[in-house]
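One structure is given below, encoded as structure tokens.
The values are calculated or read from the model by the stated rules, or taken from the named source; none is laboratory data. Bear in mind the structure is a predicted one, so any value in this text is a computation, not a measurement. Every residue, glycine among them, receives a Cβ derived from its backbone with ideal geometry; neighbour counts consider all protein chains shown. Note: areas computed on protein heavy atoms with side chains; ligands, DNA, RNA excluded. Shrake-Rupley method; radii C 1.70, N 1.55, O 1.52, S 1.80 Å.
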Amino acid sequence: MKLTVTFDCLIYLLDFFVEISNKIINFAKKGLRFLNVDIRSDNFNTHNVLNRKYYHLIVILDGDCVNSAKSIVQDKKYFYETYHWLVLSSSTAQDDSLNFLKVAPLNINSDVNLVVLSNETDEWTVFDAYNPASNHQGQFRTTHLGHYNRKNGFKIQTQSNKFWTRKNMTGVQFKSAVVAPDHHVKLTDYLASEDNRQLNSMHRFQSVTVNYCKEMYNFTLHVQRTNSWGYLTPNGHFDGLVGLLERRLVDFGSSPLIYKLDRMPVVDYSYGNWILRSTFIYRRPKIVEASHKIFMRPLSTTVWICIALMMAVLIGFLKIIFSRETRILADLNEVDSSWSFLFLFTLGAFCQQGATCHPQLLSSRTLSVFVFLFCILIYQFYSASIVSYLLMDPPRRINNLKDLSDSNLKAGIEDILIDRNYFVQTTDPAAIELYNTKIKGISNDSGFYEPRDGLELVRRGGFAFHVETSTAYPIIEETFTNQEICELEEVQMYRTQPMHTNLQKNSPFREMMNYCMLHLVEDGLMDRLRKYWDARTPVCIESAKKITIHVGLKEFSAGLIVLFYGVCSSLVILAGEIITSRREFITNVVFKPKVIKPYVN
């Protein structure tokens with residue numbers, strides 16, 4: 001009789017979890033295995049029976065034998081959510097079964113059903129048995145689930161998620177820790193305050209979400225302070241928040257943690273509700289090209305060659321036409337048809353300087369008109385390109401850490417443990433080079449700044465500062481002008497990553513916290529809290545930007561160099577002309593032999 005009833009309950013339980021046929025032969029085909037163990041045997045070993053490497057394990061316990069199963073309650077891992085217990089009991093043995101479950105290490109995630117047989121009606125009454133937190137003085141509770149009989153089968157009441165039905169944890173107390181500076185104000189008051197939200201945003205945000213879960217599940221919370229997220233120490237253990245979780249001094253953290261491989265053996269991660277984003281922020285450096293490139297860049301090399309060829313052709317045509325005009329109008333013509341004048345005439349047309357001569361013939365005037373028309377078109381393209389170069393924002397030249405290392409910008413890092421530890425553990429050659437060349441300096445602390453100090457250096461220009469965006473953006477909106485905001489650029493040193501709720505390893509409350517966090521997501525509260533605690537990107541108002549044109553000496557130096565060469569060339573030519581014009585005098589004075597007259601007494 002017991003075997004038949006157990007078999008029927010087994011059919012129900014497996015059908016509830018795997019939704020397959022109620023025939024045992026079909027279970028075997030699906031790869032399900034069964035093990036029948038007599039717990040009253042002297043050879044019974046709890047660990048050998050229950051410690052199976054299955055994703056889920058169903059345990060059916062005869063309630064009349066619970067007195068022989070006391071050893072099972074010594075290890076709470078057998079009441080984890082992957083173990084599904086079905087305790088069968090008669091009405092006469094119900095008290096023994098309840099006493100067994102009361103001392104069992106149950107928690108809010110346990111899945112234990114107590115099935116009591118009524119001898120009068122031959123009907124099974126099914127109860128859900130759990131304890132919100134057995135190790136935290138939680139109260140054992142049972143709730144009615146439904147009935148089972150052979151005629152009608154299993155009749156279950158409509159149930160929602162077990163974490164919702166069990167959400168009243170009757171005020172059990174949990175311990176938590178938060179990474180926060182040692183303020184003079186009380187820790188709970190500081191975490192509840194919304195002043196200066198840019199300071200320790202991630203910790204205060206996480207504390208707010210945990211408080212929502214506290215209200216949802218009706219538990220109390222004792223929060224303590226720690227000064228570090230948790231990093232490996234020389235003794236092989238962790239400090240800070242991770243160290244408290246490792247030593248099981250707190251149940252979960254009120255500060256979020258990022259995934260790190262060395263933390264995985266000692267910490268369980270729950271929902272990632274905070275997005276950590278840190279970047280190098282800097283004002284776009286003004287790119288000053290070589291002066292000759294500025295004046296040569298408007299036109300391509302091919303166009304410059306074509307212009308030079310066209311100037312030579314035009315000078316040739318002007319020579320022919322102006323020479324012809326000189327012969328035809330010998331008395332009235334004032335046009336100089338020399339090669340030097342024609343070159344000066346053509347160059348003046350290209351430079352929009354006009355001409356000093358007045359051709360008389362229609363042919364020479366027609367050619368002159370089209371020379372000026374051609375030159376003005378070229379000049380418009382050239383001058384417009386120069387002006388646009390001065391007006392437009394300089395192109396972005398820094399796109400990664402390597403570009404930042406090669407730039408002339410100085411660099412600094414926010415003085416927080418995440419960034420300090422990153423340079424200790426990273427293997428990224430670009431990050432290592434940046435640290436050694438721009439951050440390390442004389443001492444290891446010379447390149448680390450407080451957020452306001454580092455951002456003030458950014459505002460002045462020529463400095464890149466790595467800082468968490470939730471900290472930096474409010475300071476930027478407060479202290480930067482719109483023009484300075486429009487000049488900001490960013491380069492990430494490490495990727496944007498979520499920071500997770502964290503608990504003790506193999507904590508029975510992980511899924512409980514997951515359910516709470518996802519409930520906040522569904523209700524829209526998580527999105528609202530993120531927008532409130534995580535700062536928005538500073539907005540550049542394009543219409544309010546000031547258009548300023550600043551031409552430095554370096555950009556203007558090409559004009560000075562050309563002028564210098566021109567003056568020097570003219571002086572050399574002038575000296576040659578002077579020598580040529582006074583050649584006869586020089587010859588007579590310097591080179592003509594002197595006649596020595598005889599001395600007459």
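Shape descriptor for the stretch 130-262: Rg over Rh equals 1.13 (Cα atoms; Rh from the Kirkwood inverse mean 1/r).
Between the beta carbons of residue 44 and residue 91, assuming R0 = 35 Å, the FRET efficiency works out to 0.85 to the nearest 0.05.
Note down the net charge around residue 80, summing +1 for each Lys or Arg and -1 for each Asp or Glu among other residues with Cβ under 11 Å from its Cβ. All intermediate terms of the calculation are to be shown ahead of the outcome.
On the way: positive: 76, 77, 510; negative: 75, 81, 111, 511.
Taking every Cβ under 11 Å from that of residue 80, the sum is -1.
Take every DSSP beta bridge whose two residues both sit in the stretch 70-172; close to 75 percent of them are antiparallel. Taking amide hydrogens as placed 1.01 Å from N in the peptide plane, the amide H of residue 228 sits under 5 Å from those of 241, each at least 5 positions away in sequence or on another chain.
Compared with the direct C-alpha span, the chain from residue 477 to residue 436 gains 11.6 nm at full extension, assuming 0.36 nm per residue. For the stretch 298-311, 3J(HN,Hα) computed residue by residue from phi via the Karplus equation (6.51, -1.76, 1.60; θ = phi - 60°) reads x, 10, 6, 4, 4, 5, 4, 5, 5, 5, 4, 5, 5, 4 Hz, glycine and proline entered as x.
Subtracting the Cα-Cα distance of residue 275 and residue 353 from their residue separation scaled by 0.36 nm leaves 21.8 nm.
Summing Lys and Arg as +1 and Asp and Glu as -1 over all other residues whose Cβ lies under 14 Å from the Cβ of residue 523 gives a net charge of -1.
Percent of Cα pairs in the stretch 411-504 per distance bin of 5 Å, from zero to the largest separation: 2, 11, 22, 24, 18, 12, 7, 2, 1, 0. Can you flag which of 76/155; 175/214; 70/155; 70/175; 260/505 are past 20 Å Cα-Cα? Table pairs above 20 Å Cα-Cα are 76/155; 70/155; 70/175.
Per residue, how large is the accessible surface of the stretch 150-309? Use a 1.4 angstrom probe and give square angstrom.
On the way: 8050 Å² over 160 residues.
For the stretch 150-309, the solvent-accessible area averages 50 Å² per residue.
For the pair residue 536 and residue 215, a Förster radius of 25 Å applied to the C-beta separation gives a FRET efficiency near 0.35, rounded to the nearest 0.05.
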